[in-house]
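Working notes, beginning with the structure itself.
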Amino acid sequence: MKYISIIGSTGSIGTQTLEIVRQQEDLRVIALAAGNNDELLEQQAKEFKPDIVAIWSEDKAKRLRDALSAFDIRVVSGMEGLLEVACADRAELVVTAIVGMIGIRPTICAINAGKDIALANKETLVTAGHIIMPLAKEKGVRILPVDSEHSAIFQCLHGEEDNRVSRILLTASGGPFRGKSREELEAVTPEQALKHPNWSMGKKITIDSATMVNKGLEVIEAKWLFDVEPEDIEVVVQPQSIIHSMVEFEDGAVKAQLGTPDMKLPIQYALYYPDRRYLSGDRLNFADMVGISVEKPDMDTFKGLRFAYDAIKTGGSMPTVFNAANEKAVALFLDKRIKFLDIYRLIESCMEVHKVIESPDLEQILEVEQWTYEMIDKIVKE
C-alpha cells in the first residue's frame, strides 16, 4: 500500500489523481487540501476518508467540520493547514497540484519531512529551483514530474543515466491561436483563449498555453529538473499533442515518448515510478493517424516564450518576476480588465525595471512576488 497526500485535490490534476486512486487498490489517500471548493472537498473527504483535509478559508473549514463531524477527519485551514497536509505523518508521496507560488512552502515542508514529490506545481521550480533541487538531493527525496512534457523527458531518460544528453526537445501544442498574427490576437476574449484544442486543464494553465507562457515556464522547470542549460532546451510545436517531448543524445539518437493527450498517464507514472501499471483509456492507433507535424514556435507573436528564456538566462529573482507578472496579468485578463496582448506588455514592463537579486531566499522570493503584483497594479491604474 502506498500512502499519498494531494495538495490541490479539487483541481484538474487533483481530481484525475483521485480517478487513478479509484482504479488502483494499493493507493491510500492520507490528506487532501483545496483552495476554495469546499463542496467538492467535502465529497472527496467522505469518499476517501483521509486523516486530514485543509481548505484555505477558516469559515469554510468551520462548515466542513460540521459536515464531516461523523467522520474521524481533522479539518484545518490557511497556510498552516497546507503545511500539515504536506507533512502528514503517514504520507510517503505528496502530489503538489496547487496553482501558484503558494505551493512553494508546502513543497519545501514535504521535502524536509522526507516525502517524495509528484510535482505538478510549476511555480515551485520556476521561482525556487535553486532552493528545491539541492534540498531534495540533501534529503534523499525524489522529484517526480507530473507535467506531460516533463514526464515524457523523465521517461526518455530512464535507464540513460550514464549517457550524455545533447539537447531536450520540449513539445508544445501551439494552443488555440497557433498561426495567428498579433493583429488577430488584439480582440481575443477569455472565452476564446479557454478553448484549448487538445487538453482539458484549469483556466490559468489554459490561458498560459494560449500565450505560450506555459511553455516558457516549462523551459525553466526543465532546466532545474534535468540539470541542463537553457540553450540546450529547444521548444518545438507539435499540434496533435501526440509526441509529448523528446531527448537527443550525443550520438544523435532521439528518444520520444508518445501517447494520447491524457494527463492520467504522467500522473500514474509519478505515483508508481519506476513501475508501470495498467491504465484504462484510449490508445494510439498508428494505422488511423494521418501524420505528425512539427513546427518552430513563433516567439515574436507569442512573446511569453522569449521572455522565459530571457528570465532564466538572467537568473536570480528574474524568473519570479516573470512568473508573478504573468500570474497577475492572467487574473486581470480573465476578469476582462486587460486585453490578451496586455499580458505580454505587463510581463515585459516588470522585467525591464526589476533589480535582480542573484540568489534569493524564500522570503526574498515572496517579497519579489509582492513587488511584482504592486508594480502591475500601478501600471494598470495608469
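Please treat every number below as a calculation from the coordinates, not as lab data. Values in this document were obtained by computation on a predicted structure and should not be read as measured data. For neighbour counting, all protein chains shown are included, and Cβ atoms are generated from backbone atoms with ideal geometry for every residue, glycine included.
Some values worked out for this structure:
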quantity: Label-reachable residues, segment 234-261, where backbone N falls under 14 Å from a point 7 Å from residue 293's Cα toward its Cβ; calculated: 237-242
quantity: From phi via Karplus (6.51, -1.76, 1.60), per-residue ³J(HN,Hα) for segment 155-168 in Hz, x at Gly/Pro; calculated: 5, 5, 7, 4, x, 10, 4, 8, 10, 7, 8, 7, 7, 9
quantity: Residue-span extension gain [residue 164 to residue 260] - 0.36 nm each, minus C-alpha spacing; calculated: 31.7 nm
quantity: Charge dipole (debye, nearest 20) of the chain; +1 at Cβ of Lys and Arg, -1 at Cβ of Asp and Glu; calculated: 720 debye
quantity: The chain: calculated mean residue ellipticity at 222 nm from DSSP helix runs of at least 4, using -39500 (n - 2.57); calculated: -14500 deg cm²/dmol
quantity: Calculated from backbone phi, Karplus (6.51, -1.76, 1.60) coupling profile of segment 105-119 in Hz, x at Gly/Pro; calculated: 4, x, 5, 4, 4, 5, 5, 4, 8, x, 8, 5, 10, 8, 8
quantity: Pairwise centroid distance, computed over Cα atoms, of segment 18-87 with segment 90-166, Å; calculated: 23 Å
quantity: Cβ-Cβ FRET estimate between residue 380 and residue 58, R0 fixed at 30 Å, reported to 0.05; calculated: 0.50
quantity: FRET efficiency, 1/(1 + (r/R0)^6) with R0 22 Å, evaluated for residue 137 and residue 1 via beta carbons; calculated: 0.20
quantity: Label-to-label distance, nm, for residues given as residue 19 and residue 186 (7 Å Cα→Cβ offset); calculated: 4.0 nm
quantity: Descending principal axes extents, segment 2-145, alpha-carbon based, whole Å; calculated: 43, 33, 25
quantity: Placed amide H near residue 118: partners under 5 Å, 5+ positions off or other chain; calculated: 94, 95, 96, 144
quantity: At R0 = 35 Å, FRET efficiency that the Cβ-Cβ distance of residue 65 and residue 276 yields, to 0.05; calculated: 0.30
quantity: Estimated vicinal HN-Hα couplings, Hz - segment 342-354 in sequence order (Karplus 6.51, -1.76, 1.60; Gly, Pro = x); calculated: 5, 4, 5, 4, 5, 4, 4, 4, 5, 5, 5, 9, 6
quantity: GNM result for the chain, Cα springs below 10 Å: residue of 13, 207, 233 fluctuating most strongly; calculated: 233
quantity: For segment 273-308 and segment 332-382, distance of Cα centres in Å; calculated: 30 Å
quantity: Among (i) 30, 26, 21; (ii) 44, 28, 17; (iii) 34, 27, 17, the entry that matches semi-axes √(5λ) of the Cα gyration tensor in Å as calculated here; calculated: (i)
quantity: Residue pairs, from the table 264/355; 62/204; 139/223; 137/215; 46/215; 60/139, whose Cα atoms sit over 31 Å apart; calculated: 264/355; 46/215; 60/139
quantity: Order by protection proxy (mean Cβ within 10 Å, highest first), peptides 112-119, 293-300; calculated: 112-119, 293-300
quantity: Top of 128, 256, 287 by mean-square fluctuation, Gaussian network on the chain, Cα under 10 Å; calculated: 287
